[in-house]
Amino acid sequence: MAENTTESTEEFDTEAAEVEVPEGGEYTTESAPVEEYDSESLASRFGDPLPGAGTGRRKNAIARVRIVPGSGNWKINGRTLEAYFPNKVHQQEVNEPFKVLELDNRYDVIARIAGGGVSGQAGALRLGVARALNEADVENNRPTLKKAGFLTRDARAVERKKAGLKKARKGTQYSKR
């Protein structure tokens, strides 16, 4: 059988384990000491930006993306971001990985996109940019990108048409006579 032994509290380092108890005598999570952080952003804590490359796919679109340290210029199939994606929603979707990591205007993006429609191409470009940022600095960028869901490929695609039906699931209308 094991013996119950009582140790004196003198053996423990009382200075290291000392916690300030508020005047009320209670200790709660609200009264716990709060660590102060500097106003530095994620980008300033990390080193110089490194180049990276990634491939993104969405529906039938494929985007090959390279990022290089620069001033935030976009070159998509030889055109600027605004010229290639005039819709602000698509521009915002493509920029999301940079916004989450607070790396705005620190990389130039060179991309080649083929196939699919505009929405699929925007999704493919976002995945390609996220993978390129992940490759550039895995230790610092991966957890944030993973949590935001930018490293996961959206596998949804158009369902194929079946024989005997007008579309993938739409059949012919029933006629009694």
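The values are calculated or read from the model by the stated rules, or taken from the named source; none is laboratory data. Keep in mind it's a predicted model, so treat the numbers as computed, not measured. Here Cβ is always computed from backbone atoms with ideal geometry, including for glycine, and neighbour counts include all displayed protein chains. The accessibility values were calculated without ligands, DNA or RNA, using every heavy atom of the protein model including side chains. Shrake-Rupley method; radii C 1.70, N 1.55, O 1.52, S 1.80 Å.
Applying the criterion of being open to solvent by 50 Å² or more (accessible area, probe 1.4 Å) and of a type in the set (Gly, Ala, Ser) to the residues of region 70-82, the residue that is nearest to Ala124 (Cα to Cα) is Gly78.
Would you be able to say whether some residue in region 99-106 is polar (S, T, N, Q) and either open to solvent by less than 40 Å² (accessible area, probe 1.4 Å) or on the phi > 0 side of the Ramachandran plot (or both)?
yes
Which numbered condition trips up Ala155, out of (1) surrounded by 11 or more Cβ atoms within 10 Å (Cβ to Cβ); (2) under 14 Å from Gly56 (Cα atoms)? Checking Ala155 against (1) surrounded by 11 or more Cβ atoms within 10 Å (Cβ to Cβ); (2) under 14 Å from Gly56 (Cα atoms), the one that fails is (1). When we screen Ile62, Ile67 for residues that are under 30 Å from Lys147 (Cβ atoms), modelled with pLDDT of 95 or more, surrounded by 15 or more Cβ atoms within 10 Å (Cβ to Cβ) and touching a Phe, Trp or Tyr at 6+ places or on another chain (Cβ under 7 Å), the only hit is Ile67. The number of residues in region 83-98 that are in contact with a helix residue (DSSP H, G or I) (Cβ under 6 Å, 6 or more places away or on another chain) and buried (at least 19 other Cβ atoms within 10 Å of the Cβ) comes to 4. Within region 142-155, not a single residue is more than 21 Å from the chain's Cα centre (by Cα) and of a type in the set (D, E, K, R).
Looking at region 123-132, can you tell me whether even one residue there is open to solvent by less than 80 Å² (accessible area, probe 1.4 Å), of a type in the set (Lys, Arg) and over 11 Å from the mean Cα position of the chain (by Cα)? No.
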